[in-house]
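> Take a look at the following structure, please.
The values are calculated or read from the model by the stated rules, or taken from the named source; none is laboratory data. Computed from a prediction, not measured in an experiment: that's the story for all the values here. In this analysis, Cβ positions are derived from the backbone assuming ideal geometry, glycine residues included, and neighbour counts consider all displayed protein chains. Only protein heavy atoms, including side chains, enter the accessible area calculation; ligands, DNA and RNA are left aside. Shrake-Rupley method; radii C 1.70, N 1.55, O 1.52, S 1.80 Å.
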Amino acid sequence: MPRLEELTPANLDAALAVRVHPDQEHRVAPVVKSLAEAYVHPGVAWPRLIVDGDRPVGFLMAFFDIDWKGDGSGDDIRSGLWRLNIAAAEQGRGYGRFAVDAVAAEIRRRGGSRLTTTWHPGPTGPEEFYVRLGFRPTGETSGGDAVGELDL
């Protein structure tokens, strides 16, 4: 049964060892970049190692209550999935779905009602995965990525 673990000195190396398929590396930042972003965005970033038994199978990082427009107006506050890295050998086993469900549960626990994520656009990107989980593309982009929303 998969579970999330907070990042600690004891599991840091396991998190850093999570690698996606080589042909996916240009579509998702490595775990080390996520951890650097988490360090400079404390209170917003929520990094977690995905573990099944004693095996690290992936990494996720969520974000909570950010000013999406970044204009200081506060009229578009969002939470969601910032990063999802499932280890190459572990893909297709339901860990991605588990990760999305876990972030959705945390957003609900914090009083939220929608989950935002982004994905690399194009035929080899993960849009189909997110759409199958119920995300709807919003037509927005963020840093060149497509934006999707899931109502919770």
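> Does anyone have the angle between helix 95-109 and the longest principal axis of the chain? Alpha-carbon axes, 0 to 90°, nearest 10?
With both axes taken from Cα atoms, the answer is about 50 degrees.
> Okay, moving on. Could you tell me the distance between the Cα centroids of the range 86-152 and the range 1-78, to the nearest Å?
13
> Please sort by residue number the trypsin sites (Lys or Arg not before Pro) in the range 58-88 whose DSSP state is loop and whose Cβ has at most 14 other Cβ atoms within 10 Å.
Details: sites: LYS69, ARG78, ARG83; in loops: LYS69.
Sparse-neighbourhood loop trypsin sites (Lys or Arg not before Pro): LYS69.
> If I fit a long axis through the Cα atoms of helix 31-40 and take the longest principal axis of the Cα atoms of the chain, what angle between them do I get, 0 to 90°, rounded to 10?
50
> Using the charge dipole of the chain (Lys, Arg: +1 at Cβ; Asp, Glu: -1 at Cβ; taken about the Cα centre), state which of MET1, PHE129, PHE59 has its Cα farthest towards the positive end.
Towards the positive end, the residue furthest out is MET1.
> Per residue of the chain, what 222 nm ellipticity follows from adding -39500 (n - 2.57) for every DSSP H run with n ≥ 4, rounded to the nearest 500?
Numbers: 4 runs with 36 residues, N = 152.
Result for the chain, helices only: -6500 deg cm²/dmol.
> Sorted from largest down, give the three principal axis spans of the alpha carbons of the range 89-149, whole angstrom values.
Cα spread of the range 89-149 along its principal axes, largest to smallest: 33, 31, 18 Å.
> Test of the criteria: in the range 1-44, which trypsin sites (Lys or Arg not before Pro) are in a DSSP loop and have at most 16 other Cβ atoms within 10 angstrom of their Cβ?
On the way: sites: ARG3, ARG19, ARG27, LYS33; in loops: ARG19, ARG27.
Answer by residue number: ARG19, ARG27.
> Using DSSP to define loop residues, name the GluC sites (Glu not before Pro) in the range 1-90 whose beta-carbon has at most 16 other beta-carbon atoms within 10 Å. Display every interim value, and only then the final one.
Values: sites: GLU5, GLU6, GLU25, GLU37, GLU90; in loops: GLU25.
Those satisfying the criteria are GLU25.
> I would also like to ask the following. Rounding to the nearest 20 debye, state how big the charge dipole of the chain is about its Cα centre with +1 on each Lys and Arg Cβ and -1 on each Asp and Glu Cβ.
320
> Moving to a separate point now. Whole number in Å², please: accessible area per residue of the range 50-152, 1.4 Å probe, ligands, DNA and RNA not counted. Mind dumping the intermediate values first?
Working: 4980 Å² over 103 residues.
With all protein chains present, the range 50-152 gives 48 Å² per residue.
> How are the alpha carbon pair distances in the range 5-152 distributed across 5 Å bins from zero to the largest one, expressed in percent?
2, 9, 19, 24, 23, 15, 6, 2, 0
> Just want to confirm a number: the relative contact order over the chain, from Cα pairs under 8 angstrom separated by 6+ residues, in percent. Could the numbers behind the result be given before it?
On the way: 259 pairs, mean separation 28.4, N = 152.
Reported as a whole number, the value is 19 percent.
> Pairs of Cα atoms under 8 Å, at least six residues apart: use those to get the relative contact order of the range 32-82, whole percent.
On the way: 71 pairs, mean separation 13.4, N = 51.
Here the relative contact order equals 26 percent.
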